[in-house]
1. What are the pairs, 6+ residues apart or on separate chains, where a residue within region 255-277 that is free of Cβ contacts under 8 Å to residues at least 40 places away in the same chain has its Cβ under 7 Å from a residue that is of a type in the set (Ser, Thr, Tyr) and open to solvent by less than 60 Å² (accessible area, probe 1.4 Å)?
2. Which pairs do you get when a residue that is hydrophobic (A, V, I, L, M, F, W, C), found in region 179-194, comes within reach of a residue that is part of a helix (DSSP H, G or I), reach meaning Cβ atoms under 6 angstrom, with the pair 6+ apart or on two chains?
3. Could we say that Ser272 is hydroxyl-bearing (Ser, Thr, Tyr) and surrounded by 18 or more Cβ atoms within 10 Å (Cβ to Cβ) here?
4. Any residue in region 179-197 that is out of contact with any Ser or Thr (no Cβ under 8 Å at 6 or more places or on another chain), closer than 21 Å to Ile13 by Cβ and among the aromatic types (Phe, Trp, Tyr)?
5. Got at least one residue in region 170-192 being acidic (Asp, Glu) and in contact with a strand residue (DSSP E or B) (Cβ under 9 Å, 6 or more places away or on another chain)?
6. Sort through Lys240, Lys184, Lys193 and tell me the only one that's under 23 Å from Cys356 (Cβ atoms) and either assigned to a helix (DSSP H, G or I) or open to solvent by 10 Å² or more (accessible area, probe 1.4 Å) (or both).
7. With among the aromatic types (Phe, Trp, Tyr) and within 25 Å of His359 (Cβ to Cβ) as the only criterion, which of Phe214, Phe268 stands out?
8. Out of curiosity, is Ser118 small (Gly, Ala, Ser), buried (at least 18 other Cβ atoms within 10 Å of the Cβ) and either outside any loop (DSSP other than H, G, I, E, B) or more than 28 Å from the chain's Cα centre (by Cα) (or both)?
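The values are calculated or read from the model by the stated rules, or taken from the named source; none is laboratory data. Note that the coordinates shown come from a computational prediction; the quantities given were computed from them, not determined experimentally. Here the Cβ positions follow ideal geometry from the backbone for every residue, glycine too, while neighbour counts run over all protein chains shown. For accessibility, only protein heavy atoms count, side chains too; no ligands or nucleic acids. Shrake-Rupley method; radii C 1.70, N 1.55, O 1.52, S 1.80 Å.
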Amino acid sequence: MIIIKDLFANLAILISLLFLYTQVSNRSPLTSKSSYRIKAQSGIFGGILGNVLMHYSINIGTTIIDLRLIPIILLAYFGGVVPTFISMFMVIGGRFLIGINISSYASSILVFVVAIFSVLISNSNLSKQMKQLLMLTFINISASILFIYLIEDINFLITLLPIYWIASYLSGYIAFNTVTFLRKSQELFNKYKSESMIDPLTGLNNVRKFDEIFNQTLEELEKKNKKLSLLYIDIDFFKKINDTYGHAEGDVVLKELGYILRSCTRTFDIVSRNGGEEFTVLLLDCPLDQAVQIGERIRKTVEDKPFALTQGGTVNLTVSIGVSCYSDTTKETGLIINDADKALYEAKRSGRNMLCVAHY
């Protein structure tokens, strides 16, 4: 009963720390192609986990077993040589800190052999399931040889070895599946999070992402004493396009306009579709005169381009643009959007297909 209790305690530690690590590293999970920095960080974490598991060992009579090898094979499986060997040396070092004797030398050899074998298996063309099975089986066989070498009591070995094999397979299976499950869950979460910030039609930022970036930018704006310009863009008479050609063709026009906005702006500018036929371009570190140049480039490009329709033929359209700039036209950061919107309204009221600058 005590053995089962110790095993569950070890599994709880293993799962908890794996969960913690996957949450911390969710943006850059460990792979064989990861940077050396990520591999080193993962190796250090694996070494720490191995040492923790070593200290929370499972007592079987006068012998103790632990799960220190599980982090090593996980690192070999997911990350390759670098993280595996970092964790291996940390685990070996931790074992010698406990005591220097025949057992510490023998267990260190076991850790080294398992690390080498696991790296070789991880680089093979075997299936994922076969790699995991071979790694765990090799641990069990190698550990069994070590136990037979160190323990002379045959009756005790008959009890010890089955328990170790069961504990090893169980913990390894749980560890591999825990990491795989957490990674897939995090990937799915990141995918949904990304999609919630992207306009599905144009691939531009949506209004939620625009608001997030805009608010972040305002927080840094006054500290860095930089300019910030905003283009507020609206397609002229877009409703006529939908009514004449249908919403499907209107979507084609919106997608093409999104491409034009990206091509006419700088790579680091924030282009968003704020809803319907309204778009914005947040021009970072951009004075008013440069913002006007970019806005005019957009307006002229749209005016000169025939937009191809999927059913054949083309349609021409124009856009109206309002421009505001902190601190050239707007002295309060909170009024940048409002001033650009007013300038857009003025452009539409003055005849459309033009760019108007917010009043000073």
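1. Cβ pairs passing all conditions: Cys264/Thr301.
2. Within 6 Å, the pairs are Val179/Leu18; Leu182/Thr22.
3. On the way: hydroxyl-bearing (Ser, Thr, Tyr): yes; surrounded by 18 or more Cβ atoms within 10 Å (Cβ to Cβ): yes.
It is true that Ser272 is hydroxyl-bearing (Ser, Thr, Tyr) and surrounded by 18 or more Cβ atoms within 10 Å (Cβ to Cβ).
4. Within region 179-197, the subset out of contact with any Ser or Thr (no Cβ under 8 Å at 6 or more places or on another chain) is 180-181, 184-185, 187-197.
Restricting the remaining residues to those that are closer than 21 Å to Ile13 by Cβ gives 180-181, 185.
Restricting the remaining residues to those that are among the aromatic types (Phe, Trp, Tyr) gives 181.
Scanning region 179-197, I find at least one residue that is out of contact with any Ser or Thr (no Cβ under 8 Å at 6 or more places or on another chain), closer than 21 Å to Ile13 by Cβ and among the aromatic types (Phe, Trp, Tyr), so the answer is yes.
5. Taking region 170-192 as the starting set, the residues that turn out to be acidic (Asp, Glu) are 187.
Okay, now just the ones that are also in contact with a strand residue (DSSP E or B) (Cβ under 9 Å, 6 or more places away or on another chain), so none.
For region 170-192, residues acidic (Asp, Glu) and in contact with a strand residue (DSSP E or B) (Cβ under 9 Å, 6 or more places away or on another chain): absent.
6. Values: Lys184 fails: under 23 Å from Cys356 (Cβ atoms); Lys193 fails: under 23 Å from Cys356 (Cβ atoms).
Only one candidate qualifies: Lys240.
7. Details: Phe268 fails: within 25 Å of His359 (Cβ to Cβ).
After applying the criteria, what remains is Phe214.
8. On the way: small (Gly, Ala, Ser): yes; buried (at least 18 other Cβ atoms within 10 Å of the Cβ): yes; either outside any loop (DSSP other than H, G, I, E, B) or more than 28 Å from the chain's Cα centre (by Cα) (or both): yes.
Answer is yes for this residue.
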